[in-house]
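Asker: Handing you this structure, nothing more for now.
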Amino acid sequence: MPAVIDASKCNGCELCDLYCPLDVIHMEGEVAVVRYPDECWHCGACRQECARGAVSFRFPLAMLGV
Amino acid sequence: MGSRSSHDLETDVAIIGGGTAGLNSAMAAAQAGCRVLIVDKANIVHSGAIAGGIDHFMAFLETGEPWDTREAYLGWVGSVARGAADLEVQEAVYCDELKEALERVERIGVSLRQPDGKIFRTAALGQPGPYAINFDGKKLKPKMAIEVRRRKCRVLNRVQVTNLYLHDGELAGFTGFDIRSGDFYRIRAKAVVIATGNTNRMFNAQVGNPFNLWYCPANTGDLHRAAFDAGVALANMEYVRMTIVPKGFSTPGFNAFFGMGAQLVNSLREPFMKNYHEMGNKAPRNFIVWGALQELKEGRGPIYMDCGHLKAKDLEHLFRTLGIDKDTLPEFLLAKGYAKDGAMIEMTVSEPMQARPSEVCGSGIRIGRDCASNVPGIFAAGDASDQMGCLHMATAGGFAAGRHAAAYAKKTAHRRPLATKAMAEEQARVFRPLERKSGSTYREFETIVRQICSDHFGPVKTELSLKAALEKLGRLDAARDELKADNLHELMRTHEAMNIHAVSKISATAALARRETRFPPYHYRADYPLSDDENFCGLMVIQKQPGGDVTTRLDKLRYAG
Ligand SMILES: Cc1cc2nc3c(=O)[nH]c(=O)nc-3n(C[C@H](O)[C@H](O)[C@H](O)COP(=O)(O)OP(=O)(O)OC[C@H]3O[C@@H](n4cnc5c(N)ncnc54)[C@H](O)[C@@H]3O)c2cc1C
Ligand code: SF4
Ligand code: SF4
């Protein structure tokens with residue numbers, strides 16, 4: 001998982017969904033969900049826009065292990 | 001998907017791709033008094049190359065230093081982009097626009113200065129002096145988005161443009177669809193500026209994920225393909241560009257590392273770049289990539305970025321800058337266990353991408369001094385044009401393109417019509433993958449395209465390998481009619497995949513015609529391993545003729561010295 005959203009911190013403001021340049025994040029009800037984690041560019045736009053600090057990054061093993 | 005509506009819109013100037021260049025074009029066209037519509041497949045607040053931030057702006061500042069003049073800058077361009085940069089165009093789209101471009105960036109609220117108020121510049125990439133202004137461009141894209149709204153530009157976010165249409169040989173308009181609602185758009189414009197970046201996802205990526213890329217994976221040559229099909233001439237399409245990236249994560253950082261004095265070493269701890277270029281780690285990018293490839297090939301890898309000799313304050317600046325350019329890079333480096341002090345960071349050569357062979361030119365729509373293509377009404381800017389590259393040219397030249405498009409729109413009395421039949425056909429074509437119950441997915445199709453491109457011209461090419469690639473890519477044509485998408489997100493990706501496929505054919509065809517090597521490894525023809533200035537110092541222009549034939553020609557370029 002690249003961008004990871006902590007549902008307990010998310011207030012459903014939709015900004016990360018709105019601004020993700022790769023259409024990776026979609027709202028599911030009131031919570032933002034990283035629907036296409038494999039298509040994340042790790043650009044950080046979602047985190048920059050999240051006022052709740054709900055977005056963090058978990059680099060996949062493939063990136064860290066090589 | 002339910003009921004999808006369709007919309008007919010009209011404007012004076014349309015900007016296709018609201019990235020760095022496109023938003024500058026929009027500002028200029030609005031300033032000239034035109035109605036402006038910006039269409040982007042993402043949201044212009046964070047879209048394209050600088051969605052997450054940017055950190056260098058290249059400029060000559062006329063400070064009195066001999067290297068800091070227009071002439072010295074153009075001399076540098078002529079030496080590092082010889083055969084790809086058209087200096088007459090560059091003077092018009094960059095040099096003449098630079099002063100205003102720098103002022104504009106600061107006027108919209110992004111300082112080009114350090115906290116102490118001073119301009120700080122570094123040198124790399126074969127520059128004769130420090131041209132790269134280091135700055136915090138984290139907010140540049142959001143601020144530009146505010147500025148175009150302030151100038152009353154209309155914005156259509158999340159609309160992927162699918163095709164361009166002409167009427168009597170001149171621009172009529174274009175089509176697109178909303179990637180969330182599925183609404184279809186028919187848009188008529190007097191002029192368009194195409195600013196959709198370069199073509200990514202065409203070659204295998206380092207850890208197998210085609211979205212773990214140096215450049216923005218949303219830029220997939222959509223408008224290179226559409227423009228080409230509409231008869232627009234393209235140039236510099238044969239080039240396959242690469243850089244040096246951290247192992248595991250394809251990110252920018254080259255300019256920051258080398259600008260601050262870091263050096264590449266091999267596993268024997270030998271700095272090796274002087275063996276490949278007299279400027280060592282300050283050499284033009286293609287030489288560094290070439291050197292790294294040789295070290296890896298000859299068994300002296302892994303290679304590392306050695307920062308151990310840098311002063312603490314320079315290291316601090318370097319790591320801060322890396323995080324401005326790529327938001328998540330510092331934490332990646334930490335997660336890999338690199339200590340900031342004296343880091344030896346394992347690096348590698350990135351995935352290839354279809355793009356310009358140098359920072360100081362582009363790859364795509366062949367433009368003149370007025371940013372116009374060969375088709376009346378179609379203009380281009382930024383990475384999608386053949387002459388603009390990087391932030392400095394996207395900013396300066398983007399604005400120039402918008403101004404010229406506005407002037408053209410103003411002297412055009414009527415918008416040209418979009419043919420009803422063509423619109424109906426395009427609407428059906430665009431949504432067809434959603435109707436297929438079975439078929440291949442874009443993932444499978446794109447993987448095949450990537451494999452063919454990587455096997456046969458990523459980056460080493462010969463006549464035989466290029467012909468093999470073209471034959472295999474041609475055989476894939478039938479699979480395009482079998483692609484299925486389960487939702488609108490996949491529909492967007494499906495069209496992207498088809499465009500990557502089309503651009504890979506254009507690139508291979510142009511590469512076949514350039515029977516020499518230039519900017520190795522960006523165009524390395526193993527069967528013609530030397531550069532041949534006499535026959536090939538110029539732009540390989542590729543164009544689809546009205547009958548459908550694809551032709552190439554060389555537009556020769558001349559340089560002093
Ligand atoms: C991470 C990163 C850091 C960089 N750092 C530097 C730096 O420090 N200094 C420097 O000089 N250069 C840097 N570069 C290069 C520079 O950012 C680019 O050359 C420049 O921003 C390109 O601008 P552009 O407008 O041509 O493309 P982009 O800014 O990429 O804009 C293209 C736009 O087109 C949209 N689009 C694509 N296809 C379609 C379609 N079919 N329909 C509608 N819209 C579409 C995209 O969503 C995007 O918004 C960096 C590049 C990257 C990726
Ligand atoms: S930006 Fe943050 S708070 Fe808003 S929807 Fe996204 S994760 Fe939730
Ligand atoms: S890091 Fe970028 S690409 Fe990934 S989810 Fe966030 S905004 Fe989207």
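Asker: Structure shown: which of B:K141/B:K472; B:K336/B:K472; B:K282/B:K556; B:K99/B:K139 lie over 31 Å apart, alpha-carbon to alpha-carbon?
Answerer: Pairs exceeding 31 Å: B:K141/B:K472; B:K336/B:K472.
Asker: I've got another one for you. In peptide B:196-208, what is the residue-averaged number of other protein chain Cβ atoms found within 10 Å of each Cβ? Each step should come with its number before you reach the end.
Answerer: Numbers: counts 0, 0, 0, 0, 1, 0, 0, 0, 0, 0, 3, 7, 2.
That works out to 1 on average.
Asker: Can you sort B:S504, B:S454 by 1.4 Å-probe accessible area, starting with the largest?
Answerer: B:S454, B:S504
Asker: Report the gain in length on full extension from B:D8 to B:E91: 0.36 nm times residue separation, minus Cα-Cα distance, nm rounded to one decimal.
Answerer: 26.0 nm
Asker: To the nearest whole number, what is the average tally of beta carbon atoms from other chains within 10 Å of the beta carbons of peptide B:331-338?
Answerer: The shielding value for this peptide is 3.
Asker: Keeping all protein chains in position, work out how much accessible area B:E425 exposes to a 1.4 Å probe, and write it in Å² to the nearest 10.
Answerer: Here the residue's solvent-accessible area equals roughly 100 Å².
Asker: Which stretch or stretches of the range B:526-559 have amide N atoms under 11 Å from the point lying 7 Å from B:R515's Cα along the Cα→Cβ direction?
Answerer: Within reach of a label on B:R515: B:528.
Asker: Using each residue's phi in the range B:375-381, evaluate 6.51 cos²θ - 1.76 cosθ + 1.60 at θ = phi - 60° and report the 3J(HN,Hα) Karplus result to the nearest Hz, with x for Gly and Pro.
Answerer: 9, x, x, 9, 10, 9, 8
Asker: Which percent of the accessible heavy-atom area of chain B goes to carbon and sulfur, probe 1.4 angstrom? Please list the in-between numbers first.
Answerer: On the way: 9820 of 19320 Å².
C and S atoms contribute 51 percent here.
Asker: Using modelled amide H (1.01 Å from N, peptide plane; none on Pro or chain starts), what sits under 5 Å from the amide H of B:L156, excluding residues fewer than 5 places away?
Answerer: B:I38, B:V39, B:D40
Asker: Compute for chains B and A the buried accessible surface, both sides summed, probe 1.4 Å, and express it in Å² to the nearest 100.
Answerer: 2900
Asker: So between B:D370 and B:T63, what do we pick up on full extension, going 0.36 nm a residue minus the alpha carbon distance? Intermediate values should be presented prior to the final figure.
Answerer: Working: separation 307, 0.36 × 307 = 110.52 nm, distance 2.84 nm.
Between B:D370 and B:T63, full extension yields 107.7 nm more.
Asker: I've got another one for you. Ignoring ligands, DNA and RNA, what accessible area per residue does the protein assembly as shown give at 1.4 Å, in Å²?
Answerer: Ligands and nucleic acids excluded, the figure is 36 Å² per residue.
Asker: What is the distance in Å between the Cα centres of the range B:42-110 and the range B:279-311?
Answerer: 26
Asker: Related question: Using θ = phi - 60° and the Karplus form 6.51 cos²θ - 1.76 cosθ + 1.60, what ³J(HN,Hα) does each residue of the range A:19-35 get, whole Hz, x for Gly and Pro?
Answerer: Each residue's phi maps through the Karplus curve to give 9, 4, x, 10, 6, 8, 9, 10, 6, 10, x, 8, 10, 7, 10, 7, 7 Hz.
Asker: Tell me, how many Å apart are the Cα centres for the range B:463-517 and for the range B:381-430?
Answerer: Cα centres, the range B:463-517 to the range B:381-430: 24 Å.
Asker: Express the relative contact order of chain B as a whole percentage, based on alpha carbon pairs under 8 Å and six or more residues apart in sequence. Provide the component values of the computation, followed by the final result.
Answerer: Details: 1307 pairs, mean separation 118.1, N = 561.
Worked out over chain B, it gives 21 percent.
Asker: Separate question: How many nm is it between the label spots at B:K421 and B:A468, if each spot is 7 Å from the Cα in line with the beta carbon?
Answerer: That separation, rounded to one decimal, is 4.4 nm.
Asker: Please list B:S465, B:S181 in order of solvent-accessible area, largest first, computed with a 1.4 Å probe with all protein chains present.
Answerer: The ordering from most to least exposed comes out as B:S181, B:S465.
Asker: Nearest-5 percent of antiparallel DSSP beta bridges in the protein assembly as shown?
Answerer: That works out to approximately 70 percent antiparallel.
Asker: For a quick check: with amide H placed at 1.01 Å from N, whose amide H comes under 5 Å from A:V33's, ignoring anything fewer than 5 positions away on the same chain?
Answerer: Answer set, sorted by chain and number: A:H26, A:M27, A:E28.
Asker: Report P(r) for chain A: all Cα-Cα distances, bin width 5 Å, range 0 to the bin holding the largest distance, values in whole percent.
Answerer: Percent of Cα pairs in each bin: 3, 20, 33, 24, 12, 5, 2, 0.
Asker: Could you derive backbone 3J(HN,Hα) for the range B:153-167 from the dihedral phi with the Karplus parameters 6.51, -1.76 and 1.60 (θ = phi - 60°), listing whole Hz in sequence and x where the residue is Gly or Pro?
Answerer: 6, 8, 10, 10, 7, 6, 10, 8, 6, 10, 7, 10, 10, 10, 9
Asker: Nearest 0.05, what FRET efficiency do B:H414 and B:S267 give at R0 = 45 Å with Cβ-Cβ as r?
Answerer: Computed FRET efficiency for B:H414 and B:S267 comes out at 0.10.
Asker: Can you list residues from other chains, or at least 5 along the same chain, whose modelled amide H is less than 5 Å from the amide H of B:A283?
Answerer: Amide H neighbours of B:A283, under 5 Å, 5+ apart: B:L125, B:G126.
Asker: Find how much the distance from B:A560 to B:T447 grows on full extension, using 0.36 nm per residue of separation minus their present alpha carbon separation; answer in nm with one decimal.
Answerer: On the way: separation 113, 0.36 × 113 = 40.68 nm, distance 4.41 nm.
Contour length minus the Cα-Cα distance gives 36.3 nm.
Asker: What is the Cα centroid distance between chain A and the range B:130-178, reported in whole angstrom?
Answerer: Spelled out, the Cα-based centre of one part sits 24 Å from the other.
Asker: Now, a different point. Please say if the protein assembly as shown is rounded, prolate or oblate, where rounded means a/c under 1.5 for a ≥ b ≥ c the square roots of the C-alpha gyration tensor eigenvalues, and otherwise the choice is prolate for a/b larger than b/c and oblate otherwise? Don't jump to the answer; show the numbers that get you there.
Answerer: Details: a/c = 1.27, a/b = 1.18, b/c = 1.08.
Rounded.
Asker: Please go through the range B:19-103 and write out the GluC sites (Glu not before Pro) that DSSP classes as loop and that have at most 14 other C-beta atoms within 10 Å.
Answerer: B:E62
Asker: Still on this structure, I have one more. Take every residue in peptide A:40-53, count the Cβ atoms of other chains within 10 Å of its Cβ, and give the average of those counts.
Answerer: The shielding value for this peptide is 6.
The values are calculated or read from the model by the stated rules, or taken from the named source; none is laboratory data. Everything numeric in this text was worked out from a predicted model, so none of it was measured. When we count neighbours, we look across all protein chains shown, and the Cβ atoms used for this are built from the backbone with ideal geometry, even at glycine. For accessibility, only protein heavy atoms count, side chains too; no ligands or nucleic acids. Shrake-Rupley method; radii C 1.70, N 1.55, O 1.52, S 1.80 Å.
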